[in-house]
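Okay, so here's the structure we're looking at.
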Protein chains: 2
Amino acid sequence: MLFFLVSGMSKFRLTFGGPARRDYDVVVVGAGPAGLSAALYSARFALRTLIIAEVIGGTLIDAGVIDDYLGIPGVKGTDLARKFEEHVRSYDINIVHDRVVDIRNEGGVFRINCLSGSEYVGKTVILAVGSIRKKLNAPGEREFSGRGVSYCAVCDAPLYRGKVVAVVGGGNSALQSALLVASYASRVYLIHRRDTFRAFPAYVNLVKNDPKIELVLNSVITEIGGTKTVEWIKIRDIRTSEERKLEVNGVFIEIGSEPPKDFFENLGLEVDEKGYIAIKPGQATNIPGLFAAGDCTGGNYKKKFDQIITAAAEGAIAALSAYEYLMKEKESIEGPTY
Amino acid sequence: MLFFLVSGMSKFRLTFGGPARRDYDVVVVGAGPAGLSAALYSARFALRTLIIAEVIGGTLIDAGVIDDYLGIPGVKGTDLARKFEEHVRSYDINIVHDRVVDIRNEGGVFRINCLSGSEYVGKTVILAVGSIRKKLNAPGEREFSGRGVSYCAVCDAPLYRGKVVAVVGGGNSALQSALLVASYASRVYLIHRRDTFRAFPAYVNLVKNDPKIELVLNSVITEIGGTKTVEWIKIRDIRTSEERKLEVNGVFIEIGSEPPKDFFENLGLEVDEKGYIAIKPGQATNIPGLFAAGDCTGGNYKKKFDQIITAAAEGAIAALSAYEYLMKEKESIEGPTY
């Protein structure tokens, strides 16, 4: 499948000739809202555009019902991802399913190497790789991953109809997940290590008023256990150090995310104190020609607020910056110059 | 109508009591993509939200078919505005049709005065007032405004079926307008004072390949004339100073826009060299509690790229900033504190 996609899309579009080269004006890495919007705008700027991504939709795939993307009310994350993808595919944009492992600037172009062994060449790169979900690192978490331990409530909530489930976290995604899971499960323990929530008041109100949800505050999970699948968790009250066992059929871990900091640093990218790519106005990074957008970005110029609409906007701005960068390089642009 | 809207919406939502006070956590001024997104997010933050705007949709109303708002391909500007409005109206958000004439900070709250005489009070304000279309300032322009002179191709293009029309400008909106008008008119002169276009290459290509569009470069309009409606324009070649008359039935003026700089300066807002509100990360202005989003903003921290998606993102970020500002003020928030 991968081979088919790669060979079918690129070999008839070579610019500089040569059998192995696959040259683009813009290579977008990642296909969440930021990457898809970057590609859409790149194509509208008449730039030869490639998307390399493992999955299309990014974090949308993990989202429940989304009601904060202006103009598309109450839509499932997977449906919104499909709308985005269809929009992007209406343009002449190549999409390759692969994982980028290295990006090197050689002679003024970027060589993008993928896990499959494929190499692509881009005059500019837009990184929109998102961030990675944080783990509890509790005993049993890895062992029962996919067998009761989940990081995606919207994917797995329907599996817990009538069951007892724990949700861990205190932010928006944790509370959203608790609400979603409670619409299936018979009982939800919302486990949070503090006694206050970072989540929006609207979510806190809904959670507090949901009769199926029981708040377990000032508490952490110390172990996840069972036989074939999760059957229990141990929780410790961090004020009293008291431990107790709760019988649950599943655990949803929603404690935030972190960027692939090592990957960024290996590429030579400046990152902020949390490991997010330090962007400048225009979604520029410290590497000329390499731009970044979406959840993977941070730094002093960005208000860290990772929403679909902000990611998509950053993608559009990154595409404009790539376009302007290429315009300065004159000969980089195909077709007539004005 | 105005009176009905104002009195019908606000008087039953008073917070501090008193017959004339209308108090909100967030008053959003303007209802384009930035203002509507700001209101949507404000309401999702459980803030009492008021929109004051003359028209709903902002520049969308003037737009043709929009294909760059990710997820909603090929939509008419007016239809996209309606989608946005419906989404916003699904929340508990008041919308008042009025024009804001003054905003004063008194005792830690903003008093917002409107043309109708109404006054509203907001703990925070989000300005999303957009910018104003530039005029040619040619003799006859004002006289024939609405009688052949138009600043809104999408509104008026259908009136010129089979007619001869001039479009003035060299940017994206001018070329988009020329293409749109050419789908109705028998002939379109695209008049531009330079011999190169600022517009995206995709638009330039389309314009150059459209048999109905004739490029009139290095030229400016010196006069617009007619009897009841526009019948001719005079254009001057700026290299040769040669003047000639072109018979046209209409003139679309698409030479960009400018912010209401005087209004901003009267409010005490710092503006950039072009008169746009100088924003800091988080859409903050120099006035605490007053945020700004969309086309009316500029400054060193903003890449000036006024798209629907960027305006909507800025609105969302401004709402987050307003929420955080109110959170710091503690007692400002209704309901339980966490």
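The values are calculated or read from the model by the stated rules, or taken from the named source; none is laboratory data. What you see is a predicted model, and the numbers here were worked out from it, not measured in a lab. Heads up, the Cβs are rebuilt from the backbone with ideal geometry, glycines too, and the neighbour counts pull from every protein chain shown. In case anyone asks, the SASA skips ligands and DNA or RNA and just uses the protein heavy atoms, side chains included. Shrake-Rupley method; radii C 1.70, N 1.55, O 1.52, S 1.80 Å.
Numbers at a glance
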quantity: Fraction of beta bridges assigned by DSSP in the protein assembly as shown that are antiparallel (%, nearest 5); calculated: 45
quantity: Candidate residues A:GLU258, A:GLU314: accessible-area rank, largest first, probe 1.4 Å; calculated: A:GLU258, A:GLU314
quantity: Position A:ARG82, label points 7 Å along Cα→Cβ, spacing to each other copy in nm (shortest first, one decimal); calculated: 2.5
quantity: Ellipsoid equivalent to the protein assembly as shown - semi-axes via the Cα gyration tensor, in Å; calculated: 46, 34, 20
quantity: At 1.002 mPa s and 20 °C, Stokes diffusion of chain A via Kirkwood alpha-carbon radius, µm² per second; calculated: 100
quantity: Summed residue charge, Cβ within 14 Å of B:GLU231's Cβ, Lys/Arg positive, Asp/Glu negative; calculated: +2
quantity: Derived scalar couplings ³J(HN,Hα) [the range B:280-295; Karplus, 6.51 cos²θ - 1.76 cosθ + 1.60; whole Hz; x for Gly, Pro]; calculated: 9, x, x, 6, 6, 10, 6, 9, x, x, 10, 10, 9, 8, x, 4
quantity: Cα long-axis angle, helix A:77-89 against chain A (0 to 90 degrees, to the nearest 10); calculated: 0
quantity: Considering only the range B:149-253, percent of DSSP beta bridges that pair antiparallel, nearest 5; calculated: 45
quantity: Overall Cα dimensions of the range B:149-253 - principal axes, largest extent first, Å; calculated: 37, 34, 22
quantity: Cleavage-rule hits, chymotrypsin sites (Phe, Trp or Tyr not before Pro), the range B:61-119, DSSP coil, Cβ neighbours within 10 Å at most 16; calculated: B:TYR91
quantity: Rounded accessible area of A:GLU265 (nearest 10 Å², 1.4 Å probe); calculated: 90
quantity: Per-residue average of Cβ from other chains inside 10 Å of A:309-319; calculated: 6
quantity: Accessible surface of the range A:149-253, 1.4 Å probe, proportion on carbon and sulfur as whole %; calculated: 46
quantity: In the B-A interface, the accessible area buried, summed over both sides, Å² (probe 1.4 Å); calculated: 4400
quantity: Largest-first ordering by accessible area, 1.4 Å probe, given options B:ASP23, B:ASP262, A:ASP237, B:ASP102; calculated: B:ASP262, B:ASP102, A:ASP237, B:ASP23
quantity: Chain A: angle of helix A:172-182 to the longest principal axis, Cα-based, in degrees nearest 10; calculated: 60
quantity: At R0 = 51 Å, FRET efficiency that the Cβ-Cβ distance of B:ARG194 and A:LYS135 yields, to 0.05; calculated: 0.35
quantity: Nearby lysines by direct alpha-carbon distance to A:LYS245 (threshold 30 angstrom, same-chain neighbours under 8 apart not counted); calculated: A:LYS134, A:LYS135, A:LYS163, A:LYS208, A:LYS212, A:LYS228, A:LYS234
quantity: Alpha-carbon Debye profile of the range B:178-217, log10 I(q)/I(0) at 0.27, 0.29 Å⁻¹; calculated: -0.97, -1.08
quantity: Cβ nearest the rotation axis (A onto B), residue from chain A and distance to the nearest whole Å; calculated: A:ALA313, 2
quantity: Fraction of beta bridges assigned by DSSP in chain B that are antiparallel (%, nearest 5); calculated: 45
quantity: Accessible surface, per residue, of chain B when the full set of protein chains is kept, probe 1.4 Å, Å²; calculated: 43
quantity: Across the identical copies, how the A:GLU214 labels are spaced - nm, sorted shortest first, 7 Å along Cα→Cβ; calculated: 8.3
quantity: Using a 7 Å Cα-to-Cβ projection, A:SER145 label spacings across copies, nm, ascending; calculated: 6.4
quantity: Residue-level accessible surface for A:ARG22, protein heavy atoms, 1.4 Å, Å²; calculated: 60
quantity: Nearby lysines by direct alpha-carbon distance to A:LYS83 (threshold 21 angstrom, same-chain neighbours under 8 apart not counted); calculated: B:LYS76, B:LYS83
quantity: B:VAL28 long-range amide H proximity, modeled H, under 5 Å; calculated: B:LEU50, B:ILE51, B:ILE52, B:ILE126
quantity: Degrees, to the nearest 10: A:308-328 long Cα axis against longest axis of chain A; calculated: 20
quantity: Net charge of neighbours whose Cβ lies under 13 Å from the Cβ of B:LEU269, counting Lys and Arg as +1 and Asp and Glu as -1; calculated: -2
